[in-house]
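**Q** What follows is a single structure, and I will ask about it in a moment.
The values are calculated or read from the model by the stated rules, or taken from the named source; none is laboratory data. Given the structure is predicted, the values throughout are model-derived calculations rather than measurements. A quick note on method: Cβ atoms are made from the backbone with ideal geometry, for glycine too, and the neighbour counts reach across all protein chains shown.
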Amino acid sequence: MAIDGLIVLDNNGLAIIQSGFRSSNPAYPLLHIHALKTALNKATQPADVDPVLYVPTLQHETPSACCHVKHGELRFLCPVSGDLDPLYVFAFLRTFMDILQEYFGHISADTLRDNFDVVYQLLEETLDASGHPSTTYPNALRDIVLPPSLLQKVLIAAGVNGLAGSSSNTHPFASPIPWRKTGVRYNNNEIFFDIVEELKAIVNKNGTPTVSTVWGKIISTSKLSGTPDISLTLSNAQVLNDCSFHPCVRLPRWARDKHLSFVPPDGGFTLMEYRYAPAGSHPVAVPVMIKSLVTIDERTLDLTLTSRLTTRAIERIAVEWYLGDGVTGASCIASNNASWTFDPRTLRLRWEMKSVSPSSSYNLRGSFTSTSKNVRPSRAFRVTFEIGQHSFSSLKVEQLKLSGELYKPYKGVRGKSIGDIEWRW
Amino acid sequence: MASQTGQDAKFFQRGKIQEFRAELHAAESKDKKFTKRKTVLKKIVANITMGNDMSPLFTDVVQCLGIPLIEIKKMVYLFLVCYGRSKADQIHIVIPSFLQDCNDRNPLVRALAIRTMSYIPVPVVIEPLTEQLRHCLKDRDPYVRKTSAICVAKLYTADPRKAEKGGFVEMLRDLLVDSNATVVSNAVAALCEIGDRQDGVTFRLNLTVANKLLTALGESSEWGQIYILDSLLRYVPDKHEDAELMAERVVVQLGHANSAVVLTAIKVLLYLMNYMENRKLIDYICKKMGPPLVTILSSGPEVQYVALRNILLIVQRRPSVLKNDVKVFFCKYNDPIYVKLAKLEIMYRLAREENAREVLAELQDTRGFRRYASEVDIDFVRKAVRAIGRVAIKVEAAADSCIKALLELIETKVTYVVQEAVIVIKDVFRRYPGKYEGIIPVLCENLDALDEPESKAAMVWIIGQFANRIDNADDLMDDLTFGFMDEPVEVQLALLTAAVKLFIYKSQSSTSKALVHKVLKWATEEVDNPDLRDRGFMYWRMLAINPTVAGEIVLAEKPAITNDSDRMDRGALDQLLLHTGTLGSIYHKNPETFIRGAAGRALTDSPALNPLSRQVLVPLSLPAMPRAIQIAGPGPVEPSVKDAASAPTGGEQKPTPAVPAHLIDDGDGGDGDGEGEGHDDGDYDDEEDHITSASKPLGLDPYANLDSAFGGGGGGGAGSTAGKSYADDLLF
């Protein structure tokens, strides 16, 4: 099991970062870049390219595969040869991108170019040249690769930088817990939990959900000194199904009494992910209702969106509709100061409402024009929305106990719901 | 942050070798803090990454190795890793620095030095490396130990015998019980890498070590957990209880956030189940495996794709795993096409009496809004139509509504929909003889719409098979044979058989007599294809010798299609599942068939192996492999089609029949791609074909091995379905 290397392409398909491909011929990475470009050119939609591409190589070499992921305008490629688990590759890519995010704030071609030396150091540490991901815990990484902080840049500019500065901790991996570094100190000890739940549903013509699932995650930010051992009790843990946890969580303990027992990493991390399964077999209700009147032949549309919530406002509702090839434009009237746009590049009509108050209705009507005789709009709308201070599962943090340290931490909990609905008509 | 933007981007300028050399020399003076040299080195490294050859600077750059600044060391080592191998004649000048750094006070430097040395597999370096590695494997710092463990695998690649003689494999084994979990997992990774080589030492785990590794699991990083879990496949349980206890400990890992850990855990569990006896526990584990798989499906499309391809394998072997989760596989408009196709295949496989209505409604709906969707998705629509037919074949209770749905589809008159429907209705007829023949007239009305070989052949088969129920069968056949000489071979074969059937049914009719004569004459005299000619001769002889017996043979009762006829052969499935999550499971092929030097995996026999698994055990033999794995999918196709003949298919293996399988009846002629030697027309030699096969309807045909099903007894049958099907086909 090994990853041959990593290539980052910018939006022009040029390599920004390319790890050393030590054991193979120099054309190897190029073959992969080429294979991806060819596949992208061939595909009608870039998103339709297989994420694991088969790359035939020159006759006497073993063929290989190219796993690739898009991030913003960048593409991350991992060529692999040998029978490897592609999930392992994708998991690594995900982790590596998270690390970059953590180090540079956001990932773009410019940040990577500006900090290429740090990126290379990170690559060296996270993926050793035999293709095994090694150190990927941000806590441990920060000991060996210094993040490009402003302070450090100043120090370098001033010329005060020596061996001592760049490796203050001469004993990396001294920590007995791989995900947490030793000697963390804070004046204010705090830990925050963000409970984010996403409703993913398919609604059929009659307005009833065919499929509706709520995926939730608890994102945590820990600023706690020393080695805190936390025991967290959730208010209604029995509605959580299919849970998966950060490696710090003691799995047997959860299996026994549904308590989250863990020593958190320092900084941000995703504590757990779950699926919300409500009691009984009723699917989670979709909080909006759409009535649509579309006549394809006359190219007119009339959509009415109604909030089914009675107490809360739904924020940032967006309805997206693919109008089909040949559509040149649309002209609509949106009620209640909502806005609409038509993107001629993606051929999608987008209707946005900033905040929909309880039980209110919004309307969008208009027409679109097309050069082709047969318009083939997609038979489904995509609806996305957010609801603040709300969670479908009404999951709450009941109690937080801390042992191993003497202080009493501050705990903050926030909830947020988002939705991604396919509405068929 | 803003102030620093663009600062380092300036290094990305093409520089000339001489300039760099001069700069490097100039930087030596008045460079107390080494900042000047660092800047130049950065420029050089930036140039390496742009693909410019910096190797002429070798001697100048290695001078900097003496600078006690770790950032500079890292850059010089990066340079060495890139050019060390090509500068084998000069590398000796670096050796003293290597040795010095291997004994540095800073563990980072020690690890860096030993790591870099292992990347330069030239004898001058390997010699001192073996020396240093011995110390480093016992270093007091875990970071050095874990780095050294991986270096052993590198050393092994460079010089296997030296590594074995030096006792490094044993030292790695000692690291398996190291106190630091990261060291343990890296030692496991290194041992696996060595064990995966065909020429490597075999790496087996005994119960004690396996249990120790399981204990280390909890403290390992996610990557370490993957290595450790994967290595458990190298443990062969002797007793049912051992396998069961271990499975119980692995089940916990299904709750991990890393999807790769989850899939590897599932792989181990599927493996261990082969050695388990406790039915209840097996059912429990199957139940536990479903939810994490569903969770993986909530990730990005790439991860979904990998998971879906694996789920397809898993549900074939353990159908209970996701039996209540069919809704998860309903396609969304925004799903990329590869995800949609994968979901579709799973959807009909999960169809049961309880959920058939749901599945059918979704398939129809899918079709409904697809019809208006972009042209790209024709392939998808076709698959959906086929899936409806498959549900009809699989779930008897739903057959009526499926047929109704298919008839509705035919009424749309959309050419490719009609063709797909005809193809699949042919199979439905075989599954439920005497039940739905009433719809034949509707099919006949659409004869003109059929312009693809597969659908045309299917229609011809239907006409021939049911010639006695179709009043104007001879007229239809007469029309169809009009362009006989211009038809593709598979249609010609179908026409030949159908003409013979028609003649047997209606031997009194002068049209059919003239027709069969005409067709036989064409087939034997005008056509170049040997299959067609041989089949023509055989029919001719049979009819000439004894028409009654010929009738009995040609119209003999056909073995009905079984429920899970499209399932993969069990033994092959067991073997593929050992590769759960890997490329092999994506392509649905054993890795040794498309990766040179990969060691295959096979279930190992032990007293605990359950009898059914043993019965279908496919021994590991290179390069031959069982044919039944030939499910076309994305990815490469086995390089050699000759393997089939030499594949060990148990006692059932028949010599290749003198006449091709579909000589007598090619009702399944269209599905035969890649199955029988007779069909292999060499298009697999062209690698280009494999990549594009995903977009070709034929290449991705999920029923590709259907004809083995026609003959074979279905999923639970012996491990020689492919071999058997030839024998059975001859009975038609």
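**Q** Can you pull out every residue in the range A:406-425 that is charged (D, E, K, R), surrounded by 15 or more Cβ atoms within 10 Å (Cβ to Cβ) and part of a loop (DSSP other than H, G, I, E, B)? Give the derivation first.
**A** If we filter the range A:406-425 for residues that are charged (D, E, K, R), which is where we start, we get A:408, A:411, A:414, A:416, A:420, A:422, A:424.
Right, trim to surrounded by 15 or more Cβ atoms within 10 Å (Cβ to Cβ) and you get A:411, A:416, A:420, A:422, A:424.
Result: no residue meets the conditions.
**Q** Can you tell me which residues in the range B:258-311 are crowded, with 19+ Cβ neighbours inside 10 Å and aromatic (F, W, Y)?
**A** Scanning the range B:258-311 gives B:Y271, B:Y275, B:Y305.
**Q** For the range A:99-114, what are the residues that are within 10 Å of chain B (Cβ to nearest Cβ) and polar (S, T, N, Q)?
**A** A:T111
**Q** For the range B:395-434, enumerate the residues that are assigned to a loop (DSSP other than H, G, I, E, B) and surrounded by 21 or more Cβ atoms within 10 Å (Cβ to Cβ).
**A** B:V395
**Q** OK, next. Does at least one position in the range A:258-274 carry a residue that is among the charged types (D, E, K, R) and within 14 Å of chain B (Cβ to nearest Cβ)?
**A** yes
**Q** Sticking with this structure for a sec: Taking the options B:L263, B:L272, name whichever one is facing chain A (nearest Cβ under 8 Å), assigned to a helix (DSSP H, G or I) and more than 28 Å from A:V383 (Cβ to Cβ). Spell out how you get there, then give the answer.
**A** Values: B:L272 fails: facing chain A (nearest Cβ under 8 Å).
None of the others qualify; the one that does is B:L263.
**Q** State whether one or more residues within the range A:245-267 are out of contact with any Ser or Thr (no Cβ under 7 Å at 6 or more places or on another chain), among the acidic types (D, E) and more than 20 Å from B:T295 (Cα to Cα).
**A** yes
**Q** Only residues that are part of a loop (DSSP other than H, G, I, E, B) and within 17 Å of B:W223 (Cβ to Cβ): list them for the range B:134-178, please.
**A** So in the range B:134-178, the residues part of a loop (DSSP other than H, G, I, E, B) come out as B:137-141, B:159, B:166-167, B:176-178.
Hits for the range B:134-178 are B:L176, B:D178.
**Q** Follow-up question, since we're still on this one. Give the range A:111-149 a look and list any residue that's of a type in the set (F, W, Y) and farther than 20 Å from B:I48 by Cβ, or say none.
**A** The one that is of a type in the set (F, W, Y) and farther than 20 Å from B:I48 by Cβ: A:Y137.
**Q** While we're here: Going by what's in this entry, would A:A285 be described as small (G, A, S), closer than 22 Å to A:S361 by Cβ and in a loop (DSSP other than H, G, I, E, B)?
**A** Details: small (G, A, S): yes; closer than 22 Å to A:S361 by Cβ: yes; in a loop (DSSP other than H, G, I, E, B): yes.
Yes.
**Q** Look through the range B:435-490, keep the residues that are assigned to a loop (DSSP other than H, G, I, E, B) and among the polar types (S, T, N, Q), and return whichever of them is surrounded by the most Cβ atoms within 10 Å (Cβ to Cβ). Spell out how you get there, then give the answer.
**A** Taking the range B:435-490 first, the residues assigned to a loop (DSSP other than H, G, I, E, B) are B:435-436, B:446, B:450-452, B:466-472, B:482-483, B:487-488.
Applying the additional criterion that residues be among the polar types (S, T, N, Q) yields B:446, B:468, B:472.
Details: B:N446: 18, B:N468: 13, B:N472: 12.
Among residues in the range B:435-490 that are assigned to a loop (DSSP other than H, G, I, E, B) and among the polar types (S, T, N, Q), the one surrounded by the most Cβ atoms within 10 Å (Cβ to Cβ) is B:N446.
**Q** Would you list the helices (runs of 4 or more DSSP H) that sit entirely within the range B:186-253 and hold 3 or more residues that are surrounded by fewer than 22 Cβ atoms within 10 Å (Cβ to Cβ)? Step through it out loud before you land on a result.
**A** Numbers: elements: B:207-217, B:222-231, B:240-251.
Helices (runs of 4 or more DSSP H) meeting the threshold: B:207-217, B:240-251.
**Q** Additional query: Starting from the range A:222-246, take each residue that is closer than 18 Å to A:E273 by Cβ and within 14 Å of another protein chain (Cβ to nearest Cβ) and list its partners that are outside any strand (DSSP E or B) and of a type in the set (F, W, Y), counting only C-beta distances under 9 angstrom and pairs at least six apart or across chains.
**A** Qualifying pairs under 9 Å: A:A237/A:W254; A:C243/A:W254; A:F245/A:W254; A:H246/A:W179.
**Q** Go through the range B:496-555 and give me each residue that's touching a Phe, Trp or Tyr at 6+ places or on another chain (Cβ under 6 Å) and of a type in the set (V, I, T). Break it down stepwise before answering.
**A** Initially, the range B:496-555 is screened for residues touching a Phe, Trp or Tyr at 6+ places or on another chain (Cβ under 6 Å), giving B:500, B:512, B:516, B:520, B:522, B:524.
Passing the criteria: B:V500, B:V516, B:T524.
**Q** Checking the condition under 22 Å from A:Q18 (Cα atoms), basic (K, R), within 9 Å of chain A (Cβ to nearest Cβ) and out of contact with any His (no Cβ under 8 Å at 6 or more places or on another chain), which residue from B:K73, B:K87, B:K38, B:K43 passes? Explain how you work it out, then say what you get.
**A** Working: B:K73 fails: within 9 Å of chain A (Cβ to nearest Cβ); B:K87 fails: within 9 Å of chain A (Cβ to nearest Cβ); B:K43 fails: within 9 Å of chain A (Cβ to nearest Cβ).
Step by step, each of B:K73, B:K87, B:K38, B:K43 is checked, and only B:K38 is under 22 Å from A:Q18 (Cα atoms), basic (K, R), within 9 Å of chain A (Cβ to nearest Cβ) and out of contact with any His (no Cβ under 8 Å at 6 or more places or on another chain).
**Q** Restricted to the range B:123-147, and to residues that are closer than 13 Å to B:A111 by Cβ and among the β-branched types (V, I, T), which residue is nearest to the chain's Cα centre (by Cα)? Full working, then the answer.
**A** Going through the range B:123-147, the residues closer than 13 Å to B:A111 by Cβ turn out to be B:132-133, B:135-137, B:139-147.
Checking which are among the β-branched types (V, I, T) leaves us with B:144, B:147.
On the way: B:V144: 37, B:T147: 32 Å.
Per the stated criteria, the residue is B:T147.
**Q** Limited to the range B:59-69, what total is found for residues that are crowded, with 20+ Cβ neighbours inside 10 Å and either within 7 Å of chain A (Cβ to nearest Cβ) or modelled with pLDDT under 80 (or both)? Can you show your working first?
**A** Residues of the range B:59-69 crowded, with 20+ Cβ neighbours inside 10 Å: B:61-62, B:64-65, B:69.
Among the residues that remain, those that are also either within 7 Å of chain A (Cβ to nearest Cβ) or modelled with pLDDT under 80 (or both) are: B:69.
Total satisfying the criteria: 1.
**Q** If you check B:M117, B:M171, which single one turns out to be out of contact with any helix residue (DSSP H, G or I) (no Cβ under 6 Å at 6 or more places or on another chain) and more than 10 Å from chain A (Cβ to nearest Cβ)?
**A** On the way: B:M117 fails: out of contact with any helix residue (DSSP H, G or I) (no Cβ under 6 Å at 6 or more places or on another chain).
None of the other options fit; the residue is B:M171.
**Q** Could you look through the range B:104-124, keep only residues that are farther than 13 Å from B:Y77 by Cβ and not charged (D, E, K, R), and pick out the one that is surrounded by the most Cβ atoms within 10 Å (Cβ to Cβ)?
**A** If we filter the range B:104-124 for residues that are farther than 13 Å from B:Y77 by Cβ, which is where we start, we get B:105-107, B:121-124.
Next cut, not charged (D, E, K, R) only: B:106-107, B:121-124.
Numbers: B:N106: 18, B:P107: 23, B:P121: 19, B:V122: 16, B:P123: 11, B:V124: 15.
In this case the residue turns out to be B:P107.
**Q** Then there is this: Evaluate the following for B:A187: is it within 32 Å of the chain's Cα centre (by Cα) and among the aliphatic types (A, V, I, L, M)? Spell out the reasoning first.
**A** Working: within 32 Å of the chain's Cα centre (by Cα): yes; among the aliphatic types (A, V, I, L, M): yes.
It is true that B:A187 is within 32 Å of the chain's Cα centre (by Cα) and among the aliphatic types (A, V, I, L, M).
**Q** For the range B:292-316, name all the residues that are among the charged types (D, E, K, R) and over 15 Å from the mean Cα position of the chain (by Cα). Steps first, answer last, please.
**A** Step one: of the range B:292-316, the residues among the charged types (D, E, K, R) are B:302, B:309.
Passing the criteria: only B:E302.
**Q** Test A:N139 against the criterion of being modelled with pLDDT of 85 or more, more than 10 Å from chain B (Cβ to nearest Cβ) and either more than 20 Å from the chain's Cα centre (by Cα) or within 30 Å of A:P86 (Cβ to Cβ) (or both), and give yes or no. Break it down into steps so the answer makes sense when it comes.
**A** Working: modelled with pLDDT of 85 or more: no; more than 10 Å from chain B (Cβ to nearest Cβ): yes; either more than 20 Å from the chain's Cα centre (by Cα) or within 30 Å of A:P86 (Cβ to Cβ) (or both): yes.
When the stated conditions are applied, A:N139 does not pass them.
So that you can scan it fast, the table gives a plain yes or no per residue for (1) in a loop (DSSP other than H, G, I, E, B); (2) buried (at least 19 other Cβ atoms within 10 Å of the Cβ); (3) modelled with pLDDT under 85:
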site	(1), (2), (3)
B:S320	yes, no, yes
B:E362	no, yes, yes
B:I378	no, no, yes
B:K383	no, yes, yes
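**Q** Which one of these does A:I317 not meet: (1) surrounded by 17 or more Cβ atoms within 10 Å (Cβ to Cβ); (2) facing chain B (nearest Cβ under 10 Å); (3) part of a strand (DSSP E or B); (4) of a type outside the set (S, T, Y)?
**A** (2)
**Q** Could you say which residue among A:S355, A:S361 is within 27 Å of the chain's Cα centre (by Cα) and more than 14 Å from every other protein chain (Cβ to nearest Cβ)?
**A** Working: A:S361 fails: within 27 Å of the chain's Cα centre (by Cα).
So the residue among A:S355, A:S361 that is within 27 Å of the chain's Cα centre (by Cα) and more than 14 Å from every other protein chain (Cβ to nearest Cβ) is A:S355.
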